[in-house]
1. What does the average come to when, for each residue of peptide A:356-368, you count the partner chain Cβ atoms lying within 10 Å of its Cβ?
2. Other chains near B:262-272: what is the mean number of their Cβ atoms within 10 Å of each residue's Cβ?
3. Can you give the translational diffusion coefficient of the stretch A:93-177 in µm²/s, computed by Stokes-Einstein from the Kirkwood radius over Cα pairs at 10 °C and 1.306 mPa s?
4. Sort A:308-317, B:261-270 by the packing proxy (mean of other Cβ within 10 Å over each peptide's residues), most packed first.
5. Can you sort A:133, B:10, B:313 by how many other beta carbons sit within 10 Å, fewest first?
6. Listed highest first by mean packing, meaning other Cβ atoms within 10 Å per residue, what order do B:144-151, A:362-369 come in?
7. In peptide B:24-30, what is the residue-averaged number of other protein chain Cβ atoms found within 10 Å of each Cβ?
8. I'd like the projected area of the stretch B:120-228, averaged over all directions, using the convex hull of its alpha carbons. Report it in nm² with one decimal.
Amino acid sequence: MSNLKVSRREALGSVAGLIAGPGLSGVEGPGLSAVEGPGLSGVEGPGLSAVEGPSLARGQVAKGTPPPRRPPRDELVNALEFEDVAKLMLPAAVYSTIAGSDRAAFDRITFRPRMLVPTLDLDLSVDLFGEKHLAPILVGPVAEQRQYHAEGELATVRGASAAKTGVIVSSRSSVPIAEIAAQAKTPLWYSVYAADASARKQVDQAIAAGCKVVCVTVGASLDAGRATSKVPADWKAVDRIRQGLDLPIVIKGVMTPEDANAAIAQGARGIVVSNHGGVVAGRAPLEVLASIVDLVGAKITVLVDGSFRRGTDILKALVFGAQAVLLARPVMWGLAAYGAEGVQSVIELLQTTLGRNFGMIGAPNLKSLNRAMVKVHAERKT
Amino acid sequence: MGTIDNRWRHGPTRRQALLALAGMLAGSPLLRAQRDPHPITGHKRVPGLDEMMTAFDFEPICFANVVLARYEYMARASESEFTLRRNREAFEWVDLVERPGAATAALQTSTEVLGIKMDFPIMIAPTAAQRDLHPDAESAMYQGASAAKTPMIVVGRSTIPIEKIAQAATGPRWSQFYPVQDLKISRETIETFQAAGARALVVTVDQQTDTGYERDLHNRNLGGTPRGASGGRGGGAPEQGRGGRGGGSAAPAPMQGPALYRVIPARLWYTWKYLDDIRAFTKIPILLKGILTAEDAKLCVERGFDGVIVSNHGGRSMDYGPSTLEVLPEIVDAVGGKIPVLIDGGFRRGSDIVKAMALGASAVCLGRAPRWGLGAFGPQGVQRLLEILQAEFLEAMARTGRTTLAALDRRAVRVNFT
């Protein structure tokens, strides 16, 4: 009798189990709840996994995903990866001011590397207006850096100094220039907008703080993101800023050989081929660089900016004859992600990959580069 | 309870009724809802060698057979891997010009390169760490290659001694060699290769420094290359044992040359003079592997070398370097037929090989593809993969209407390089 009872219970239990899920345990466990809840609808969907999985309680899922993890700085292997972390750290509206890259021009240029050229005496250093720089890299001017990190420009300058790299400070910095200069161990340049009425006053303060070069931005208005003022209108302003100034002047925002000539006529000792980070639409600075270098490269220093993200990108600009490259967004990604240490990491990563690719292309220094080392490919019609 | 009730409660009839109920419930949609309609255990299996139809089919099997980090070791390339991708893309920029008039049976595909006769213009390129793929490593590769009558270039730093590999099979064999600054060691190594029966020496001249394998750096916590071994990390030159990037004053960095930029000096010492020096160490032909420009190819000819291999190390040398196929014509023109021009880089189909032959290559070397064969099915996998490519080569060549390799000229392809 008793045996029979046990088998009866077992039989009923198996029946229930068959209904509810895999085996008897299913009666007590998530199997049954799956039948009651999403299990039924889950024939094709997540119900099934709820039965088989080791039980993600439904309550947990409903609470939403956990906050994303900020990877240790050590895990990032190239400058582009800092953008993801910056995005993680910043409000969307702030991140949008430093988001993205335009890589198309870089992807149309391949190298022609030469073998069996010894490069053990690798030397990337470059002389800019009498100052020796470790590598042909400068931190470009970016306004209001406190929006990216609590320490703002102070962290940028500390990180850049640790990476032995000069910084161009924007006149619209969120920290006074004197405080920034107090933290700097590498040359500081100062950047003003030609369209800014108080530019000359700002320049005087920067000179007092020890800035070595004045960079005047033309062709872009004070409202970042808009290109309203025309370049020719800015030349008069440049002339006003230049009056009685001893420091070298660099004009930033030149995109044509004509403007490069005009910059020389204004007494500039250098230009930055730039479309203000893509704010001004049209061709990429890298695409117009060669023609500008051909015209004015022998007379003045030609710098360039615009979506430089990899060591190979910088090498391409140097092959075309640029003396140095300005990095803005990648440095801000580093700043937003990890403060001064992030700035240092981004710059050092680029120095290292640049150095490595000098070895790969067979050039021990900037002087050994020549245009036969690249091939520019036409845009491929699809 | 009466007798009839008791009989019902304990009798077989009731049991039958319960069974029927159970049967009904067992067939209910509720139960089906709990069952995986396609349980993975029901259809999980490894495809067999006889199911391999293209070279690509071997890769997932090889992937499944080896540890992830060792698979990545061969799959990866430099930095952004632009050149790795471009190697494959370039085949899409070259079309075969079809012409009737050649049956596959009538095709003459045999050729001779530096004294080695081969049925097809196909060779095995030298690749490192073949023991990751098969316990018999280079010996297994050699057996598979010889079975498919394909000459093999044995990697210099093989995981099995060259003398032992030499006994594994009988097919023609070259040896690869990485320059070593010490000329005495260079001479000894080259003499060892020659004594073991190498019929030519392939000197790798590219990949001058560490190549910044970003995949490795990402995988370094998954049993990949230990931190620093692949270098390329901003900050802290690995040999200095610095823990992290950008530690500032953590170690006194030597203030000159590559170390100033945390670049590993590795092979930055390479010179043409060294190549001239080792040229005298052996009488067998010497080919330089890693040539990507007409200028360097001309230097090879001028300095008396016997062949060039157009190679970007499978995308593992300079990132944003060219694909090998797009620079092949300029190198073939520069050499002007004086020495053979071989090529490697992304060859996966018979038609890829036909395209390179039409653009003037003397033969094509395969790196990753036979590794997939070896990792997937051992020597038989290598043999089968090569036979698939040979059959594809015949089909593609027949489509061009050419019956001999000599007739396979540039008019057999339409080139759309930019």
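Read-outs: derived from the displayed coordinates by stated rules, not from any lab. Since this is a predicted model, take the numbers as computed values, not measurements. All Cβ positions, even for glycine, are placed from backbone atoms using ideal geometry, and neighbour counts span all protein chains on display.
1. Numbers: counts 18, 10, 6, 14, 13, 4, 6, 0, 3, 0, 0, 0, 0.
For this peptide, the per-residue mean of nearby foreign Cβ atoms is 6.
2. Numbers: counts 7, 12, 4, 4, 3, 4, 12, 3, 8, 3, 4.
Mean number of neighbouring Cβ atoms from other chains: 6.
3. Values: Rh = 16.0 Å.
Stokes-Einstein gives a translational diffusion coefficient of 99 µm²/s.
4. Values: A:308-317: 26.6, B:261-270: 21.7.
Highest-to-lowest ranking by the protection proxy: A:308-317, B:261-270.
5. Values: A:133 19, B:10 12, B:313 23.
The most exposed by this proxy come first: B:10, A:133, B:313.
6. Numbers: B:144-151: 23.4, A:362-369: 18.0.
Per-residue Cβ counts within 10 Å, averaged per peptide and sorted highest first, yield B:144-151, A:362-369.
7. Numbers: counts 1, 5, 4, 1, 2, 2, 8.
Per-residue shielding by partner chains comes out at 3.
8. Values: hull surface 32.9 nm².
The orientation-averaged projected area of the Cα hull of the stretch B:120-228 comes to 8.2 nm².
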